[in-house]
2 protein chains.
Amino acid sequence: AKVNAATVYGKRGMSLEEEINTSNTYYLSNAIAVIHKKPTPIQIVKVDYPKRSAATIREAYFSKASTTDYNGVYKGKYIDFDAKETTNTTSFPLSNFHEHQINHMKQCQNAGGICFTIVKFVKLDKIFLLKAEDLFHFWDNKETGGRKSIPLSTFEENGYLINYHINPLIPYLDAVDQIMKKL
Amino acid sequence: AKVNAATVYGKRGMSLEEEINTSNTYYLSNAIAVIHKKPTPIQIVKVDYPKRSAATIREAYFSKASTTDYNGVYKGKYIDFDAKETTNTTSFPLSNFHEHQINHMKQCQNAGGICFTIVKFVKLDKIFLLKAEDLFHFWDNKETGGRKSIPLSTFEENGYLINYHINPLIPYLDAVDQIMKKL
Ligand SMILES: [Mg+2]
Ligand SMILES: [Mg+2]
């Protein structure tokens, strides 16, 4: 069934974020978890307040996200993650992350949260969940001259492969359950 | 010392949100908790992409917040709350909340999160933390013909008075500690 689902959904061309949002809607409506994508941070410069109609933002700029894309609550625990896609087929370039996102995840992890990244290798049609500590390991090594990407083999060996499913489309909380068991 | 701090800071005319943001910055930089205000949700209609400069949003509208203002992690637990100010002196009008905010808090509470509201009675210069379940009690009663506000006495008897302090300015996680003890 899982293989068929992958075939069905993989061809729809949903972005990873859409796939996650759909899964989060399922988790929410089934009272399993409350996890939302944060609004895009915007720096507002000019707003018009027309009479008898809604305030209109006339000049604004996209700010750099200082945190990750998703957070929420599952089984009382704080969940925090970012979703990334890559067209690479053998490794995931660390340039997909900004330093402030890594710092945010380190802060959350330190405060007892469960932090990870969900990476989709688009051309392989494979999605992995990788614990933040594995990401930090490569990130910190890069800072001291190490490799600038995480090899696919690390995702295969240390990560959690997330097979497409029907409901939820991406059952990534199954991987979180496994992480929680080891806490 | 607490009384003096109240005198000092109370006169600065900070909004409750500014006071909470300042406190969150203290909690973050001291590795106590990671709690951020969510970006304002915006519906973007038109974006210009000028050559050689940043994308400019030319038409956008404020969306209704579907969740609360603040969330984050403290001692591994998911924290979720909204901050509200009132100029009333004897009660807090429930019209300060939107139904979707209440629903969001109910969902988070149900998933094991710690949810509450922080209410500032501006003219009394008093700040209270009230557990979400106390808020739900009044909200649900209102739906069935009950009173449309929460009396000050409920805050005094069931809530947690938050006295101004130096660092953090509003030590609201002290109240959260007390809530956690009773879980
Ligand atoms: Mg992302
Ligand atoms: Mg608010």
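The values are calculated or read from the model by the stated rules, or taken from the named source; none is laboratory data. Given the structure is predicted, the values throughout are model-derived calculations rather than measurements. Methodologically, a virtual Cβ is constructed for each residue, glycine included, from the backbone with ideal geometry; neighbour enumeration extends over all protein chains shown. Accessible surface areas use protein heavy atoms only, side chains included; no ligands, DNA or RNA. Shrake-Rupley method; radii C 1.70, N 1.55, O 1.52, S 1.80 Å.
Quick look at the numbers
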{"item": "Cut-off 9 Å between beta-carbons: net charge of the residues surrounding A:L94, Lys and Arg +1, Asp and Glu -1", "result": "+3"}
{"item": "Average accessible surface area per residue within the protein assembly as shown, 1.4 Å rolling probe, Å²", "result": "49"}
{"item": "Per-copy distances of the B:D48 label point, shortest first, in nm (7 angstrom along Cα→Cβ)", "result": "1.3"}
{"item": "Average other protein chain Cβ within 10 Å of Cβ, residues A:57-67", "result": "5"}
{"item": "Cβ-vector label at 7 Å, A:D177, separations to other copies in nm", "result": "3.6"}
{"item": "Chain B: relative contact order in percent, alpha carbon pairs under 8 Å with at least 6 residues between", "result": "22"}
{"item": "Area hidden from solvent between A and B (accessible, protein heavy atoms only, 1.4 Å, total, Å²)", "result": "2700"}
{"item": "DSSP-defined antiparallel bridges as percent of all bridges, the range A:77-183, nearest 5", "result": "60"}
{"item": "For peptides A:93-105, B:144-156, B:122-134, sequence by mean Cβ density within 10 Å, most packed first", "result": "B:122-134, A:93-105, B:144-156"}
{"item": "Whole-Å semi-axes of the range B:73-119's equivalent ellipsoid (Cα gyration tensor)", "result": "23, 13, 7"}
{"item": "Area projected by the alpha carbon convex hull of the range A:2-181, averaged over all directions, nm²", "result": "13.2"}
{"item": "Across B:K64/B:K148; B:K77/B:K106; A:K106/A:K182; A:K181/B:K131; B:K38/B:K75; B:K77/B:K126, pairs whose alpha-carbon gap is larger than 25 Å", "result": "A:K181/B:K131; B:K77/B:K126"}
{"item": "Percent of beta bridges antiparallel (DSSP, the range A:2-181, rounded to nearest 5)", "result": "75"}
{"item": "Mean projection area, nm², convex hull over Cα of the range A:25-116", "result": "9.6"}
{"item": "Label geometry 7 Å along the beta-carbon vector: B:P93 inter-copy distances in nm", "result": "5.4"}
{"item": "Convex hull projection area averaged over all views, the protein assembly as shown, Cα basis, nm²", "result": "22.6"}
